[in-house]
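*Asks:* Please read through the structure below; I'll follow up with questions.
Here, each number is a calculation from the coordinates, and none is a lab measurement. Quantities reported herein were computed from a predicted structural model and do not represent experimental measurements. Please note: Cβ atoms are built from the backbone with ideal geometry, for glycine as well, and neighbour counts cover all protein chains shown.
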Amino acid sequence: MSFFQDTAMVYDTVGATIQTIERLAPEAVAAVAKGRVNMCLQLTAPDAAITIYGKNRPPNIEYGPTTGKANLTITMSADLFHEILLQRQSIGDAFKAGHVKIKGPIFKLMTMGKIIEAGQKYYPDILTEKGYVV
């Protein structure tokens, strides 16, 4: 059974995690900026998109269909991203198994590492605060 009931739940939980990262771990967003990459995390089932515009100064984050151009798009199911943030699944293993699709310069993917690490730190607590069973 899918964890996410709808797109609004994705933005409520994952969006809150990204906002927490911006506030408490700005170095993670700065890593995307340092890599000069506009990165879109495209989630499916339910569909959601989070784009970090690292080429902008300061970087900004957009939730929903992107209005700009991402030069790196990472696509996976919302449930897989949930499992990655809970450290139940490795993004590397998921990529090797074909569950994560990358469009754009794969070497820029390393900029996502800091976001994932910070997300893994804050996501479980955010779920708990919002009343979700982890």
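*Asks:* So if each residue of separation counts as 0.36 nm, and I subtract the Cα-Cα distance between residue 27 and residue 133, what length gain in nm does that give? Walk me through the intermediate numbers first.
*Replies:* On the way: separation 106, 0.36 × 106 = 38.16 nm, distance 2.90 nm.
This chain segment gains 35.3 nm when fully extended.
*Asks:* Now for a separate question. How do 47, 79 rank when sorted from fewest to most other Cβ atoms within 10 Å of their own Cβ? Could the numbers behind the result be given before it?
*Replies:* On the way: 47 13, 79 18.
Ascending Cβ contact count within 10 Å gives the list 47, 79.
*Asks:* Tell me which DSSP H helices of the chain clear both cut-offs, 18 Å or more of axial length from alpha-carbon atoms and a mean Kyte-Doolittle hydropathy of at least 0.0. Present the calculation step by step, with values, prior to reporting the outcome.
*Replies:* On the way: long enough: 7-24 (24 Å, 0.40); 112-129 (25 Å, -0.36).
Those that clear 18 Å and a mean of 0.0 are 7-24.
*Asks:* I'd like the antiparallel share, as a percent to the nearest 5, of DSSP beta bridges with both residues in the chain.
*Replies:* Numbers: 13 of 19 bridges.
Looking only at bridges with both residues in the chain, the antiparallel portion is about 70 percent.
*Asks:* Note the count of lysine pairs whose C-alpha atoms are less than 16 angstrom apart in the range 7-124, limited to pairs 8 or more residues apart or on different chains.
*Replies:* Details: 34/55; 34/108; 34/114; 55/69; 55/108; 69/103; 69/108.
Close lysine pairs under the 16 Å cut-off: 7.
*Asks:* Follow-up. Which one of 106, 124, 78 has its Cα pushed farthest toward the positive end of the charge dipole of the range 7-124, where Lys and Arg give +1 and Asp and Glu give -1 at the Cβ?
*Replies:* Going by the Cα projections, it comes out as 106.
*Asks:* Oh, and also: With a 10 Å cut-off between alpha carbons and a GNM built on the chain, which of 48, 78, 94 moves the most?
*Replies:* With Cα springs under 10 Å in the chain, the top fluctuation among 48, 78, 94 is at 94.
*Asks:* Do any trypsin sites (Lys or Arg not before Pro) in the range 50-97 lie in a DSSP loop with no more than 11 other beta carbon atoms within 10 Å, and if so, which?
*Replies:* Working: sites: 55, 69, 88, 96; in loops: 55, 69, 88.
Filter output for the range 50-97: 69, 88.
*Asks:* Using the basic label-point model (7 angstrom from Cα toward the beta carbon), what is the residue 55 to residue 7 distance in nanometres?
*Replies:* Taking the simple label geometry, residue 55 and residue 7 are separated by 2.5 nm.
*Asks:* Can you pull a Stokes-Einstein diffusion coefficient for the range 41-111 at 20 °C (1.002 mPa s), Rh from Kirkwood over Cα pairs, as a whole number of µm²/s?
*Replies:* D, rounded to a whole number, is 167 µm²/s.
*Asks:* Listing 128, 67, 44 from the residue with the fewest other Cβ atoms within 10 Å to the one with the most, what is the order? Kindly include the intermediate steps, with their values, before the conclusion.
*Replies:* Details: 128 11, 67 8, 44 15.
The fewest-first ordering by Cβ neighbours comes to 67, 128, 44.
*Asks:* If every alpha-carbon in the chain counts as one equal scatterer, what log10 I(q)/I(0) does Debye give at q = 0.21, 0.22 1/Å?
*Replies:* Per q value, in the given order, log10 I(q)/I(0) is -1.40, -1.56.
*Asks:* I've got another one for you. Using a 10 Å cut-off around each Cβ, can you sort 102, 116 from fewest to most neighbouring Cβ atoms? Present the calculation step by step, with values, prior to reporting the outcome.
*Replies:* On the way: 102 15, 116 18.
Starting with the residue having the fewest Cβ neighbours, the order is 102, 116.
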